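Remarks on the structure that follows.
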Amino acid sequence: MEISLILKIAGIGFLLAVIDKVLTGAGKKDWAQVVDLVGVIVVILMILSLIGQLFTSVKTIFQL
């Protein structure tokens, strides 16, 4: 696994935390929840692409 992917996920998490605090402080808690949800979906999509590569590698290794 690449270290850059871990850093990207950490960066997204940090950015989401800052945006959440700013929006919550401004009284926009509903928008903060929407931004958090979008961030989680983006990270899940990044991880799903890796899982797809893993399954492809396993199929190739075991010749399935």
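Readers should treat all values here as calculations from the given coordinates under stated rules, not as data from a laboratory. All values reported here derive from a predicted model rather than from experimental measurement. Here Cβ is always computed from backbone atoms with ideal geometry, including for glycine, and neighbour counts include all displayed protein chains.
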| query | For the stretch 32-64, how many residues are over 18 Å from the mean Cα position of the chain (by Cα) and at negative phi? | reply | 9
| Near pairs, Cβ below 6 angstrom, 6+ apart or cross-chain, from the stretch 1-21 (under 13 Å from L50 (Cα atoms)) to any residue that is outside any helix (DSSP H, G or I) and among the polar types (S, T, N, Q) | none
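Yes/no matrix, rows are residues, columns are (1) β-branched (V, I, T); (2) out of contact with any Ser or Thr (no Cβ under 8 Å at 6 or more places or on another chain); (3) part of a helix (DSSP H, G or I):
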position: L7; (1), (2), (3): no, yes, yes
position: D20; (1), (2), (3): no, yes, yes
position: G27; (1), (2), (3): no, yes, no
position: D36; (1), (2), (3): no, yes, yes
position: G39; (1), (2), (3): no, yes, yes
position: F55; (1), (2), (3): no, yes, yes
position: T60; (1), (2), (3): yes, yes, yes
| task | Taking only the stretch 50-64 into account, find how many residues are more than 24 Å from I6 (Cβ to Cβ) and either touching a residue at least 60 places away in the same chain (Cβ under 8 Å) or surrounded by 10 or more Cβ atoms within 10 Å (Cβ to Cβ) (or both). | result | 1
